[in-house]
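Working notes, beginning with the structure itself.
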Amino acid sequence: MESHEGERTGVATNIIDAIVAILVIIMGSTVIYGSRKLGSEWTSDGPGAGYFPFYIGLILVISGVGVLYQALAGKVKNTEVFVDRESLGRVLSVLVPAAVYVAAIQFIGIYVASAIYIALFMIILGKYSWLKSVIIALAVNTVFFMMFEVWFKVPLHKGTYDMLSFLGY
Amino acid sequence: MEELNALFQGFAVVMTPMNFLLMVVGIVLGVLIGVLPGLGGANGVAILLPLTFSMNPTSAIIMLSCIYWGALFGGAITSVLFNIPGEPWSVATTFDGYPMAQQGRAGEALTGAFTSSFVGAFVAVVMITFMAPLVAKFALKFGPPEFFSVYLLTFCSFVGMGKGSPFKILASMTIGFALASVGMDTVTGQLRLTFGFHELMRGFDFLIAVIGLFGIGEILLSMEEGLAFSGKSAKIDPKVVWQTWKKLPAYWATSIRASLIGIWMGITPGGATPASFMSYGIAKKLSKTGSKFGTGELEGVVAPETAAHAAGTAALLPMLALGIPGSPTAAVLLGGLLIWGLQPGPLLFVEQKDFVWGLIASMYLGNLVGLMVVLTTVPLFASILRIPFSIIAPVIIVICAIGAYTVHNAMLDIWFMLLFGVIGYMFKKLDYPLAPLVLALVLGDKAEDSFRQAMLVSQGEMSIMFSNPLVGSITTLALVLLLWPLISKLIALVKPPKQDEFAAERPVD
């Protein structure tokens with residue numbers, strides 16, 4: 001994949017692996033804590049609500065420890081770079097706008113947010129002309145609107161500030 | 001011949017113009033989903049599920065299962081023409097399919113792939129027709145301990161058959177179980193693991209997880225690779241189809257072997273991918289032209305495609321007969337059954353005859369219709385892949401967001417979807433399998449119920465899992481599979497294992 005070995009900088013895969021394993025252990029401990037509080041013991045009318053989750057949490061912690069051990073002290077350590085700067089940039093260039101898009105849905109509703117999102121994505125990342133991007137964005141969302149609101153009668157999120165209220169849906 | 005009677009009744013149910021139309025729509029949508037990056041069988045069906053809430057269950061399952069067939073067919077198109085496996089089980093199809101396309105024999109490769117997919121599915125459906133009622137009848141006698149042992153077997157076989165670190169498989173599975181237990185406890189009505197957040201009362205819906213893990217995660221992965229599609233074009237005309245069909249009977253032995261491997265592996269969870277690799281490997285070893293595999297042999301396309309499709313179809317057997325799905329897509333279909341108010345499990349064959357046999361009949365018809373649709377419309381679908389990624393990607397993210405929202409009409413679910421997307425991306429990169437997580441999330445509540453009921457019966461004694469020969473042997477088998485990574489290491493100490501030559505290519509799924 002890479003042509004210049006020296007240019008690939010970043011964190012090694014097994015470090016990320018270890019971090020995720022620690023997160024798994026934390027999650028497992030949380031589950032154990034939560035189910036202990038619920039009652040993981042045998043109650044008067046049978047197993048308590050936390051009986052099953054308790055064991056799940058336990059296995060979660062054990063497997064987390066196993067992964068952690070394999071990542072840091074295993075025989076074959078994967079020390080390849082997890083993701084280099086360029087790829088990370090590309091991933092974030094999708095992820096960050098997607099997060100902004102989801103936040104936008106909350107306020108202006110799915111249709112308006114989607115149209116803006118598709119148009120901006122095409123213009124900024126795809127380097128398309130304004131006109132083409134806006135036309136495609138509007139076309140796609142008109143199809144969705146017809147499909148969900150009109151044909152299948154499944155109402156979608158309109159947001160706090162509904163700009164499409166004049167359509168009557 | 002009770003089954004045949006029931007089957008013909010099923011055909012009568014399916015053969016209405018409306019259902020037939022839904023079948024074609026389902027196939028076309030399915031192929032589309034299979035071809036598009038970021039949309040696959042599981043999340044495609046998950047996104048379209050809310051659209052079927054108002055349909056009657058039989059029509060709805062016909063459309064959704066046809067989407068599944070379509071997605072299975074669609075995976076072959078991208079493998080052959082673009083060298084990009086649309087689904088993990090079509091990885092093995094690229095070995096010979098893409099070289100064939102490079103030599104200008106794309107039409108032949110695709111016809112071979114589609115036809116053998118059809119053959120594999122057909123054999124598997126015949127098996128389902130006769131086996132599923134038997135299994136269901138047998139399972140009617142199951143009590144809670146038996147059911148829990150079957151759940152145990154399902155999950156342990158992920159560890160035993162899976163590839164990669166067993167700890168990661170275990171972690172992925174228990175994360176699914178942990179997420180499944182969030183929310184209202186079905187037995188005591190207590191709120192569990194919500195830590196005071198009322199929005200969490202609903203729990204984590206597996207549909208959201210499927211859409212995020214497979215949809216958003218896949219988009220992030222494609223983006224990282226900076227995907228640019230450069231594919232071969234395909235023209236399929238009747239002449240090519242006819243010539244390929246004349247060649248195919250020569251590979252009858254491969255087809256039969258591949259179908260059997262597919263059926264066997266498909267019934268166990270996560271089986272389609274290993275089945276396709278195993279079938280390819282065996283065909284390579286046994287074929288007269290085995291040494292030419294990898295350079296564009298038609299037989300090298302036939303073997304994995306037949307097995308993958310047979311496995312994909314056979315995965316529906318445990319879903320129908322026991323209520324335990326064999327693949328994430330089958331799990332989504334099972335989720336659909338619950339939403340339409342049907343209780344999956346052995347009773348389905350007794351209480352919902354029309355539904356079950358309608359579904360089985362639609363498997364026969366759906367695959368036939370699918371074969372015809374894909375053979376005639378390949379160029380159209382191939383051209384969809386030429387739409388630039390910067391248009392496809394935002395549209396797919398929008399579709400995922402809509403899909404996530406419609407499940408519960410909850411805004412928070414869209415955020416969860418995004419979170420699951422990040423998890424999916426990380427897990428894919430770190431070789432955590434995703435299928436166990438999804439299946440555990442779907443089956444978590446039911447597995448827990450059967451566990452608690454079994455424990456109630458025995459007053460907390462684990463020995464109930466060995467209380468009779470049936471439950472004892474299933475539990476033992478499950479434990480052997482769970483400890484298989486250790487056992488195989490011990491065996492390797494005594495006798496060095498043969499090297500699996502495709503180990504590196506096989507994806508973790």
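Laboratory data are not the source of any read-out in this text; all were calculated from the coordinates shown. Quick caveat: nothing in here was measured; it's all calculated off a predicted structure. We place every Cβ from the backbone using ideal geometry, glycine too, and count neighbours over all the protein chains shown.
Relative contact order of chain B, please, whole-number percent, based on alpha carbon pairs below 8 angstrom and at least 6 residues apart.
Working: 915 pairs, mean separation 148.6, N = 509.
Normalised by residue count, the contact order of chain B is 29 percent.
Could you tell me whether chain A comes out rounded, prolate or oblate from its Cα gyration tensor? Rule is a ≥ b ≥ c as square roots of the eigenvalues, rounded for a/c under 1.5, then prolate if a/b exceeds b/c, otherwise oblate. Judged from the Cα gyration tensor, chain A comes out oblate (a/c at least 1.5, b/c at or above a/b).
Going through the DSSP H helices of chain A, which span 24 Å or more along their own axis at the Cα atoms while scoring at least 0.5 as a mean Kyte-Doolittle hydropathy?
Membrane-span-like by this rule: A:13-38, A:51-73, A:85-108.
Provide A:E86, B:E305, B:E108 in ascending order of the number of other Cβ atoms located within 10 Å of each residue's Cβ, fewest first. Intermediate results must be reported in sequence, preceding the final value.
On the way: A:E86 14, B:E305 37, B:E108 23.
Result, fewest neighbours first: A:E86, B:E108, B:E305.
log₁₀ I(q)/I(0) of region B:237-381 at q = 0.13, 0.15 Å⁻¹, via Debye over equal Cα point scatterers, no solvent, to two decimals? Summing over Cα pairs of region B:237-381 leads to -0.69, -0.87. Quick check on region A:10-73: take the gyration tensor over C-alpha atoms, sort the square-rooted eigenvalues as a ≥ b ≥ c, and tell me if it's rounded (a/c under 1.5), prolate or oblate. It comes out prolate by the Cα gyration axes. Averaging the sequence gap over all C-alpha pairs within less than 8 Å and six or more residues apart, then dividing by the number of residues, gives chain A a relative contact order of 21 percent.
Dipole magnitude of region A:85-167 about its Cα centre, charges +1 at Lys/Arg Cβ and -1 at Asp/Glu Cβ only, in debye to the nearest 20? Intermediate values should be presented prior to the final figure.
Values: 6 positive and 3 negative charges, 42 e Å.
Here region A:85-167 has a charge dipole of around 200 debye.
Between B:L479 and B:R386, the FRET efficiency estimated from the beta carbon spacing at R0 = 45 angstrom works out to 0.35.
Counting every C-alpha pair in region A:66-148, the share spaced more than 17 angstrom apart comes to 63%. Between B:W340, B:L134, B:V28, the Cα set farthest toward the positive side of the dipole of the protein assembly as shown (charges on each charged residue's Cβ, about the Cα centre) is that of B:V28. For the pair B:A492 and A:A12, a Förster radius of 30 Å applied to the C-beta separation gives a FRET efficiency near 0.60, rounded to the nearest 0.05.
Label-to-label distance, A:L72 versus B:K292, with points set 7 angstrom from Cα along the beta-carbon direction: 5.5 nm.
Roughly how many debye, to the nearest 20, is the charge dipole of region B:2-491 about its Cα centre, given +1 on each Lys and Arg Cβ, -1 on each Asp and Glu Cβ, and no other charges? All intermediate terms of the calculation are to be shown ahead of the outcome.
Values: 24 positive and 24 negative charges, 244 e Å.
Here the size comes out at about 1180 debye.
The angle between the Cα long axis of helix B:106-139 and the main principal axis of chain B comes to about 30°, on a 0 to 90 degree scale.
Given a Förster distance of 25 Å, report the FRET efficiency between A:M147 and B:D354 from their Cβ-Cβ distance, rounded to the nearest 0.05. Can you show the working numbers first?
Working: r = 29 Å, r/R0 = 1.16.
Using R0 = 25 Å, I get an efficiency of 0.30.
For all pairs of alpha-carbon atoms in the protein assembly as shown, what percent lies in each bin of width 10 Å, listed from the first bin to the last filled one? In whole percents, the pair-distance histogram is 3, 15, 26, 28, 20, 7, 1, 0.
As I understand it, the value is the acute angle between the Cα axis of helix B:2-14 and the longest principal axis of the Cα atoms of chain B; what does it come to in degrees, rounded to 10? Roughly 70 degrees between the two axes.
Using Cβ contacts closer than 10 Å as the measure, can you line up B:C400, B:C156 from fewest to most?
Lowest to highest Cβ neighbour count: B:C156, B:C400.
Rg/Rh for region A:22-112 stands at 1.22; both radii use Cα atoms, and Rh follows the Kirkwood definition. Expressed as a rounded percentage, what relative contact order does region B:36-123 have, with Cα pairs under 8 Å and six or more residues apart? Reported as a whole number, the value is 21 percent.
If the viscosity is 1.567 mPa s and the temperature 4 °C, what translational diffusion coefficient in µm²/s does Stokes-Einstein give for region B:129-226 when Rh comes from Kirkwood over Cα pairs? Walk me through the intermediate numbers first.
Numbers: Rh = 16.9 Å.
D = 77 µm²/s.
Between the residues A:G46, A:I22, A:Y161, the greatest Cα displacement towards the positive end of the dipole of chain A, with unit charges on the Cβ of Lys, Arg, Asp and Glu, is found for A:Y161. With respect to chain B, whose longest principal axis is taken over its alpha-carbon atoms, helix B:328-339 is tilted by about 50°. A Cβ-based charge dipole, computed about the Cα centre of the protein assembly as shown with Lys and Arg at +1 and Asp and Glu at -1, lands at about 1040 debye. Shape of chain B from the C-alpha gyration tensor: rounded (a/c under 1.5, with a ≥ b ≥ c the square roots of its eigenvalues). Here B:F95, A:F82, A:F107, B:F502 are placed in order of increasing Cβ neighbour count within 10 Å, fewest first, which gives A:F107, B:F502, A:F82, B:F95. Starting from the Cα of B:M372, move 7 Å in the Cα-to-Cβ direction to define the label point; list residues of region B:9-47 whose amide nitrogen is under 13 Å from there. Taking a point 7 Å out along Cα→Cβ of B:M372, the residues of region B:9-47 whose backbone N falls under 13 Å are B:20-21, B:23-25. Binning the C-alpha pair distances of region A:118-169 at 5 Å intervals from 0 yields a P(r) profile of 5, 18, 21, 19, 17, 14, 6, 0 %, listed from the shortest bin outward.
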